[in-house]
Amino acid sequence: MAEDLQALMERIQKDAVEKAELAAADIISKAKDKAAEIVKAAEDEAKAKLENADKEAQAFTERSERTLEQSARDLLLSVGKNLEKMILDLLSLQIDKSLDESTVKNMLLTVAKSYTSDIEINFSEADAKALTGFVMGEFAKQLKAGVKVESDKGVKFGFRVKLDGGKVSHEFTEQAMAESLSALLRPQLAKIVNKAAQGK
């Protein structure tokens with residue numbers, strides 16, 4: 001009987017150890033599964049964050065490039081406008097120098113051939129004083145129509161011809177000539193600025 005009891009105790013102990021080992025193996029398996037889940041979730045989260053960071057970096061790069069391109073366009077437009085203004089100023093300065101009394105008289109004689117009705121000519125105050133005698137004399141003979149001379153503060157150099165009681169006017173002022181020359185230069189200037197923009 002002692003032997004049976006010993007055998008029973010050994011069997012109970014063996015069953016308890018086996019149960020404990022099975023429970024331990026189950027706990028270890030579940031712990032490994034849970035650890036694998038945690039690692040997978042962490043990897044997925046890290047991967048998502050990395051993908052999101054890549055997308056944000058790409059979007060930031062694209063925005064930066066667009067901003068730089070816009071800034072470069074704005075700079076080129078600004079340079080083009082400043083260059084155009086500088087050329088207009090130079091043209092105006094050269095025209096001012098070129099519109100001396102002799103040149104204005106020759107222009108007036110050429111203009112006289114184009115008009116057949118009464119006209120009014122506007123000069124700057126200084127030119128009106130200096131050229132009234134010429135206009136009323138030699139120019140009036142060429143014109144073969146009535147002529148009136150007026151001074152106009154809006155005219156600095158050159159002259160303005162008014163017809164039909166001032167309803168029609170033709171500009172031969174430094175400003176009108178500079179604008180006409182500038183209009184001819186603008187396409188060339190645009191080509192130069194575009195060429196510079198393309199790095200050619």
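The values are calculated or read from the model by the stated rules, or taken from the named source; none is laboratory data. These figures come from a predicted structure and were not determined experimentally. Cβ placement follows ideal geometry from the backbone for every residue including glycine, while neighbour counts extend to all protein chains displayed. Calculation scope for accessible area: heavy atoms of the full protein, side chains included, ligands and nucleic acids excluded. Shrake-Rupley method; radii C 1.70, N 1.55, O 1.52, S 1.80 Å.
Applied to the range 67-73, the Karplus parametrisation 6.51 cos²θ - 1.76 cosθ + 1.60 on θ = phi - 60° returns per-residue 3J(HN,Hα) values of 5, 5, 4, 5, 4, 5, 4 Hz, with x for Gly and Pro. Amide H contacts of residue 119 (H built 1.01 Å from N, in plane; Pro and chain starts excluded): 146, 147, 148 sit under 5 Å, all sequence-distant by 5 or more or on other chains.
Tell me the label-point distance for the pair residue 170, residue 38, using the 7 Å Cα-to-Cβ offset, in nm and rounded to one decimal. Here the modelled spin labels are 9.7 nm apart. Each residue of the range 44-52 was assigned a 3J(HN,Hα) from its phi angle through the Karplus expression (A = 6.51, B = -1.76, C = 1.60, θ = phi - 60°), giving 4, 5, 5, 5, 5, 5, 5, 5, 5 Hz with x at Gly and Pro. Computed in the context of the full set of protein chains, the accessible area of the range 134-184 at 1.4 Å probe radius has 51% of its extent on carbon or sulfur. Placing a label point 7 Å from the Cα of residue 61 along the Cα-to-Cβ line, the residues of the range 40-55 whose backbone N sits under 17 Å from it are 50-55. Distance between the modelled labels on residue 72 and residue 116, one decimal in nanometres: 5.9 nm (7 Å Cα→Cβ projection). Between the amide H of residue 173 and those of 159, distances stay under 5 Å, these residues lying 5 or more places away or on another chain, with hydrogens modeled in the peptide plane. Cross-link partners of residue 153 among lysines, defined as those whose alpha carbon lies under 24 angstrom from its own and excluding same-chain residues fewer than eight positions apart: 85, 97, 105, 129, 162, 167. Using 0.36 nm per residue and subtracting the Cα-Cα separation, the extra length available between residue 6 and residue 181 on full extension is 50.6 nm. Taken one residue at a time, the phi angles of the range 5-15 give Karplus couplings (6.51, -1.76, 1.60, θ = phi - 60°) of 5, 4, 5, 5, 5, 5, 5, 4, 5, 5, 5 Hz. Gly and Pro are set to x. Amide H contacts under 5 Å for residue 152: 123, 124, 125, restricted to partners 5 or more places along the chain or on a different chain, H placed in the peptide plane at 1.01 Å from N.
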